[in-house]
Each structure stands twice: as structure tokens, then as C-alpha cells.
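Before any comments, here is the structure.
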Amino acid sequence: MSNAIEVRHLQKEFEYYKKEIGMRKSLQNLFFRQKLVKKAVNDVSFSIEEGEMVGFLGPNGAGKTTTLKMLSGILYPTSGTVNIFGYTPWERKKQFKQIFSIVMGQKSQLWPDLPAGESIFLNKCIYQVPDESYQRTLEELSELLDVKELLGVQVRRLSLGERMKMELIASLIHRPKLMFLDEPTIGLDMMSQRSVRNFLKYYNEQYHATVILTSHYMKDIEDLCSRVILINAGSILYDGELKKVNTYKDERKLITLYFSEPISTELLRAFGEVKETDGSYSVIEVGKEEVRICLQYLLDKFPVVDFTVEDPKIEDGIVGLYSGSA
């Protein structure tokens, strides 16, 4: 399978000036300014195959959105190369702009005082989508997202979840081969998040679209992406399978215990690392080979009414990588 995206040694630097508070400092700053440089993206390289859905993760300010803006041609890089389906994004050729879409959960492309259907029709005209293809696509996407009856409603009168669904329809009306999704489920309730995830999964499978997804909700990533790229301070920390992020914890297990009466944390520390506790509820991390014997002792010694055994959470491994890089 061929690569849809090839990124090599991508860098983006922003220049800014330091200014201290006060009128005197403001006047001084007119003549003597201290220039600083922020490396938002620092020597980033990766490849993504056509049809692949990849999670692009990082804390706030890590460089995720800046990278997506360069991949979509919104920003010029300081240095480095990007090849997307044979195009260089910042050349902004018409053919390139017709094969991708970008959805930002914190920035709307819909006109708030117009019905959502009008903004979608505007995109149809911009991308020169034939009438027959437009009607077929609009019918399919609006039914899949269950918003067909809302196309004539003003955008500002829609709920956040309904607006995000309209954003997706507007972005996909020209059937793009590539999607950049920047926190598409931010602020949505659980039902709306699930609906958007199910739709994205369907679209990826049905049309073999290549997708780069950023999100602070791990459920989005776990449900949609088998591969993740972790970025922090502008540099890539990890690029590989999501399930292997926790490799260093493969030999660990979490035992969750519920007690009929409060139990001292000090007593539980003899069995492993106590991750959480409130007296009647505790989570202990132990070695995989120690689970059986630990449970026997715990069940015999303490008033346990219920327990579970599970793998460490993936986000724990991700946070551990971030902490190590910091």
C-alpha cells in the first residue's frame, strides 16, 4: 500500500518579542526589543499509508495544530518537506485543496445566522460538486448522522452536537480522500461523541479515507485508531501501535478492591503500589505474576465485597512518556 503522507524533517519557528509591564518598558521596547524564537514543530518526520486512521496526540502547546496547519497548507514551514498524494501543501494548488478537508472542533466554518444547509450548499459551489453527486452525498451523510430534519434550521439554534455533525457534512460534501480532524468531539456529550465516532469509523471503512485525528478524549483514539503519534514540545516521542504504548507496563495489573469497611492505606502498601484509595475503595498495581497470590491474601485478610483485575490504562503510559520527555 502506498503512502498518502510523507513528512520529512518538518520545522516551524515563530518569532516574538519579550515585553515587560509598564509605560516606561513600552517606550523602551520601541527602540530595544529582545527577540525570542519558539520552535513549535522541531524536526518532525513520519509517513501515513492511504486509508490509515492515525491518532496525533500531545498536551496543549505540543505542536499538534501547527503541524496540521502545515499539512493542510494554511502555514508555511520554516524548513522540511511534505508530500501528500504527490502535492506540496503550501503550494495550495486547486487539485490539492479538492482532496482534503479540515475540521476544527473549536472553530466553525458554518454561518451562524444561516440554515446549515445553506453553508453546506456554499461548500458544494466552492468545490464544484456536480448536482447529482451533491444530492446523493447530502442525503447519505445527513441520514447517517440523523440530522436530515435540521438542515433548514439556523446554525446558532442547533445544539453543539448537532452543529458538529453539520460541520462534518460540510467538510465531506466533496468526498475528500484525506481528513484532518482537530478535536472533533470537544465539548460534546457522551451520546454525541459516540455518534461522531461511529460515523468517522464508517466513513473511513466505506471510502478508504486517510484520517489524522487529534483529541484529548482517549475513547476517541481507542475506538478509531490502531496507530498513534505522540508529540511534545514540537518533537515526536512515539510513533507506533496504540496497544504498545504501555509496553513497559505489560507485566503489571491493576486490582480494584471494594471493602465493607474502611481499610488503612498503609496496610495495602504491603501488596503493591496504591494508585487510588478512599478507605472503602482502593486500586493497587501489582506484578502480573503476583496477582493470584496477592488476591488470596487480600481476600483472606480484608473484608472484600468485590474486586476486578485489569490492565493499566493506556493514558497512564502516554502520561509517563510525556513526563519523561519533560
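A few comments on the model shown:
- Residue list for segment 145-162, filter: open to solvent by less than 80 Å² (accessible area, probe 1.4 Å) and either part of a helix (DSSP H, G or I) or under 22 Å from Asn204 (Cβ atoms) (or both): Leu145, Val147, Leu150, Val155, Leu160, Gly161, Glu162
- Sole exception among (1) modelled with pLDDT under 90; (2) over 23 Å from Thr210 (Cβ atoms) for Lys107, by number: (2)
- Residue count for segment 312-326 under the criterion of being open to solvent by 90 Å² or more (accessible area, probe 1.4 Å) and touching a helix residue (DSSP H, G or I) at 6+ places or on another chain (Cβ under 9 Å): the result is 1.
- Here Arg136 passes the criteria (1) loosely packed, with under 15 Cβ neighbours inside 10 Å; (2) not in a helix (DSSP H, G or I); (3) not acidic (Asp, Glu) except the one numbered (2).
- Residue match in segment 195-212 (condition: at positive phi and outside any strand (DSSP E or B)): yes
- Test for Lys69: is it crowded, with 19+ Cβ neighbours inside 10 Å, within 26 Å of the chain's Cα centre (by Cα) and charged (D, E, K, R): yes
- Tally, over segment 194-219, of residues that are touching a helix residue (DSSP H, G or I) at 6+ places or on another chain (Cβ under 8 Å), open to solvent by less than 30 Å² (accessible area, probe 1.4 Å) and closer than 22 Å to Ile5 by Cα: 9
- Residue among Glu251, Glu261 that is touching a Pro at 6+ places or on another chain (Cβ under 6 Å), touching a residue at least 24 places away in the same chain (Cβ under 8 Å) and either among the small types (Gly, Ala, Ser) or over 27 Å from Gly117 (Cα atoms) (or both): Glu261
- Evaluated against (1) in a loop (DSSP other than H, G, I, E, B); (2) open to solvent by 10 Å² or more (accessible area, probe 1.4 Å), Pro184 falls short on exactly one condition, (2).
- The single condition from (1) modelled with pLDDT under 85; (2) under 30 Å from Ile231 (Cα atoms) that Asp278 fails is (2).
- Residue count, segment 163-181 (criterion: open to solvent by 30 Å² or more (accessible area, probe 1.4 Å) and of a type in the set (Asp, Glu)): 0
- Only one of the numbered conditions (1) in contact (Cβ under 8 Å) with a residue 60 or more places away in the chain; (2) open to solvent by less than 60 Å² (accessible area, probe 1.4 Å); (3) touching an Asp or Glu at 6+ places or on another chain (Cβ under 6 Å) is not met by Glu50, and that is (3).
- Scanning segment 3-26 for residues that are open to solvent by less than 100 Å² (accessible area, probe 1.4 Å), hydrophobic (A, V, I, L, M, F, W, C) and either in contact with an Asp or Glu (Cβ under 7 Å, 6 or more places away or on another chain) or at pLDDT below 80 (or both) yields one hit, Ala4.
- Single residue of Val286, Val305, Val245 found to be open to solvent by 80 Å² or more (accessible area, probe 1.4 Å) and in contact with a Phe, Trp or Tyr (Cβ under 7 Å, 6 or more places away or on another chain): Val305
- Within segment 27-47, if we keep just the residues that are touching a Ser or Thr at 6+ places or on another chain (Cβ under 9 Å) and among the β-branched types (Val, Ile, Thr), the residue that is surrounded by the fewest Cβ atoms within 10 Å (Cβ to Cβ) turns out to be Val44.
The values are calculated or read from the model by the stated rules, or taken from the named source; none is laboratory data. Keep in mind the model is a prediction, meaning the values are calculated, not measured. Here the Cβ is made from the backbone with ideal geometry for all residues, glycine too, and neighbour counts use every protein chain on show. Note: accessible area is taken over every heavy atom of the protein model, side chains too, but ligands, DNA and RNA are not part of it. Shrake-Rupley method; radii C 1.70, N 1.55, O 1.52, S 1.80 Å.
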